[in-house]
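Chemist: Sending over a structure as structure tokens; questions will come in a sec.
The values are calculated or read from the model by the stated rules, or taken from the named source; none is laboratory data. Keep in mind that what you see is a predicted model, and the values were worked out from it rather than measured. Note that we place each Cβ from the backbone using ideal geometry, even for glycine, and neighbour counts take in every protein chain shown. When the accessible area is computed, the model is the full protein with side chains, heavy atoms only, and any ligands, DNA or RNA have been set aside. Shrake-Rupley method; radii C 1.70, N 1.55, O 1.52, S 1.80 Å.
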Amino acid sequence: MAYKRLGDLLIAAGLIDEEQLGKALALQKESKDRLGNVLISSGIITEQQLIDALEIQLGVDFIDLSKTPLSPELARLVPKNIAKKHNIIPVKVDREQIFIAMSDPLNFIAIEDVKQITKKRVVPMISTEDAVDRAITALYGNEGAARAMEEMRREVTGNEDVYVDESVLGTVVESDTNAAPTIRLVNSIVERAVTEHASDIHLEPRENEMAVRMRIDGVLRNIMTIPRELQGSVISRLKVMGGMNTSERKIPQDGRANVRSKQSDVDLRISTLPTIYGEKMVIRLLDKSTQILSKQGIGLDENNLKRYNKLLLNTAGVILISGPTGSGKSSTMSTMVRELNKEEVNIITLEDPVEYNIDGVNQVQINEKTGMTFASGLRSILRQDPDIISVGEIRDGETAEIAMRSAITGHLVLSTIHTSDSIATLDRLLDIGVEPYLTTSALKGVIAQRLMRKVCPSCKTAYTPTADELDLIGMEPQEGLTFYKGKGCPICYHTGYKGRTGVFEILTINHELRGKIMKHADRDDILESALKDGFVPLAERCRQLVLEGVTTAEEAAKTIHSTDE
């Protein structure tokens, strides 16, 4: 295969022009990333367009690794360190040649390395970067994790065989292959979660085994099973990592650990819960290297961005962020704190736990065992000359009242609250004992939000919705309506979705709304005033995202039916 530059190939394919190539090359100099990744992240081309162009221009076949079984024998032909270094994976071999899937078929150094190692002719094939990464995790993790489980089983029961589902095992952490088998197995589970971009790991004891599931793009997926006799060792290892009491199995515990995996600094928040079959454990993963978001990056549209910016101009008052668990409230509040973090202001946060470390911000960890609650912490903060206070969550009337009174005395207070939408937040404050005069004096606005999966751009297709679909999201039938969904492709692992976006409604409290809150006006009355002020409810924003092709009717319906529309 003759040497060709990627930029020249894409220009020849008509996907980019010279000006776009110049911009991408300039960005590449700053990021030091591969040109293909720069073009994709900049939105100039999609990953599928890149793959199609390379297929045609280079005559390289595409391989769908999500549907390709990989023999464990292949792991012996190409060492793991070479596979990870070049992001390549062996997929097939015969007497004279070896077929290699790679995200960059123009990587001739990788091809030459494989040729030298295997002494065979190398046939490059193209796949997506994520798919190759996951295939490396599966192929090289199977052998190590299976060996670790077998060694653990022998330690417990002798030389018995152990069943391992090789199609779902994770990667053994490469830094310590001589570690104890339990450590290697736990490392493999965490490594798999990082590779899959999972937000949570669930270890669930059942009658005959322990299931390992991971929440990926908001949906739990089965990953592997661990024999019942090994679950105690795995749970104990994770307790040690989290600084928890390994001998206590009858009460819930919380712990925290920090690991380095795949060049990422990952914070683990560990929680245990006793069940009839043993301790269930949930591990929340926070990748600190990818959580720095901008106000545009969290998904604010033009209308809500203006309202968001207006709220942040306040120097005193309360701004609340509402939504259920897992709706992205912490990310939004972290984004707001980062934006407000300036040399001339004193910002103090109360968090349970501290999730994102922010330089220049005084962050306080809540510890109810020692009496450091949100309410007591908030009282102490007021003696620290704060300009801006961020309270992780308003859980009771006492905390809410202190927050409101703090705002009235000249502080800007940010906090979260568990309600279905922004107008329901007004009722919740009343329910937990906050007097209406305090709410009207202090509250500046409420941001309600959810997270929704986005349609995969590589397999996105248009279609005409059925009457049932329209009814599902509360839309009237009309001519020319077009919805979108993903057919399923290798880029999205045949789910039809890739990534998530935030969907928001922002209620700003104006003079008319204050009067209605004081009079205990009902929801419809408050909504009417808010709509006159440009307020767009969550449900309506969901419908807009469906029409824009950002998400599907099915995803939108989940949010719409969770609000008080």
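Chemist: Cβ-Cβ below 7 Å, separation at least six or inter-chain, first residue in region 108-125 and over 18 Å from Asp61 (Cα atoms), second open to solvent by 30 Å² or more (accessible area, probe 1.4 Å): which pairs?
Modeler: Thr118/Leu77; Lys120/Glu96; Lys120/Gln97
Chemist: Under the condition of being in a helix (DSSP H, G or I) and of a type in the set (Lys, Arg), which residue from region 503-521 is nearest to Ala442 (Cα to Cα)?
Modeler: Among them, the one singled out is Arg514.
Chemist: OK, next. If I filter region 241-270 down to residues being open to solvent by 50 Å² or more (accessible area, probe 1.4 Å) and among the polar types (S, T, N, Q), which single residue comes out as modelled with the lowest pLDDT?
Modeler: My answer is Gln263.
Chemist: Now for a different question. Could you list all residues from region 546-558 that are open to solvent by 10 Å² or more (accessible area, probe 1.4 Å) and closer than 23 Å to Val446 by Cβ?
Modeler: Within region 546-558, just Lys558 meets the criteria.
Chemist: Go through (1) closer than 22 Å to Lys310 by Cα; (2) out of contact with any Asp or Glu (no Cβ under 7 Å at 6 or more places or on another chain) and name the single condition Pro477 misses.
Modeler: Every listed condition holds for Pro477 apart from (1).
Chemist: Take region 410-433 and flag every residue that is in a helix (DSSP H, G or I) and small (Gly, Ala, Ser).
Modeler: Listed by number, the residues that qualify are Ser422, Ala424.
Chemist: Here's a follow-up. Give me a count of the residues in region 229-240 that are of a type in the set (D, E, K, R) and buried (at least 17 other Cβ atoms within 10 Å of the Cβ).
Modeler: Summing the residues that are of a type in the set (D, E, K, R) and buried (at least 17 other Cβ atoms within 10 Å of the Cβ) in region 229-240 gives 2.
Chemist: Now, a different point. Tally the residues that are among the charged types (D, E, K, R) and more than 18 Å from Phe108 (Cα to Cα), restricting the search to region 1-49.
Modeler: The qualifying residues number 8.
Chemist: Here's another thing I want to ask about it. So which pairs qualify, if the first residue must be in region 298-316 and part of a helix (DSSP H, G or I), the second must be open to solvent by 30 Å² or more (accessible area, probe 1.4 Å) and basic (Lys, Arg), the Cβ gap must be under 7 Å, and the two must be at least 6 apart or on different chains?
Modeler: Cβ pairs passing all conditions: Leu305/Lys295; Tyr308/Lys295; Leu311/Lys444.
Chemist: Mind counting the residues in region 434-472 that are open to solvent by less than 70 Å² (accessible area, probe 1.4 Å), out of contact with any strand residue (DSSP E or B) (no Cβ under 7 Å at 6 or more places or on another chain), closer than 14 Å to Ile517 by Cα and not in a helix (DSSP H, G or I)?
Modeler: Of the residues in that region, 1 qualify.
Chemist: Now for a different question. Under the condition of being in a helix (DSSP H, G or I) and among the hydrophobic types (A, V, I, L, M, F, W, C), which residue from region 124-144 is modelled with the lowest pLDDT?
Modeler: If we take residues in region 124-144 being in a helix (DSSP H, G or I) and among the hydrophobic types (A, V, I, L, M, F, W, C), then Ala138 is modelled with the lowest pLDDT.
Chemist: Looking for something at pLDDT below 90, of a type in the set (Val, Ile, Thr) and buried (at least 18 other Cβ atoms within 10 Å of the Cβ) - is there at least one such residue anywhere in region 84-107?
Modeler: No: zero hits.
Chemist: Let me ask something else. Please work out if Glu476 is open to solvent by 50 Å² or more (accessible area, probe 1.4 Å), part of a helix (DSSP H, G or I) and not hydrophobic (A, V, I, L, M, F, W, C).
Modeler: no
Chemist: How about region 392-408: which of its residues are open to solvent by less than 20 Å² (accessible area, probe 1.4 Å) and in a helix (DSSP H, G or I)?
Modeler: Passing the criteria: Gly397, Thr399, Ala400, Ala403, Met404, Ser406, Ala407.
Chemist: Now a separate question. Please give the helices (runs of 4 or more DSSP H) falling wholly within region 1-62 in which 2 or more residues are under 30 Å from the mean Cα position of the chain (by Cα) and without any contact (Cβ under 8 Å) to a residue 40 or more places away in the chain.
Modeler: Passing ranges, in order: 18-31, 35-41, 47-58.
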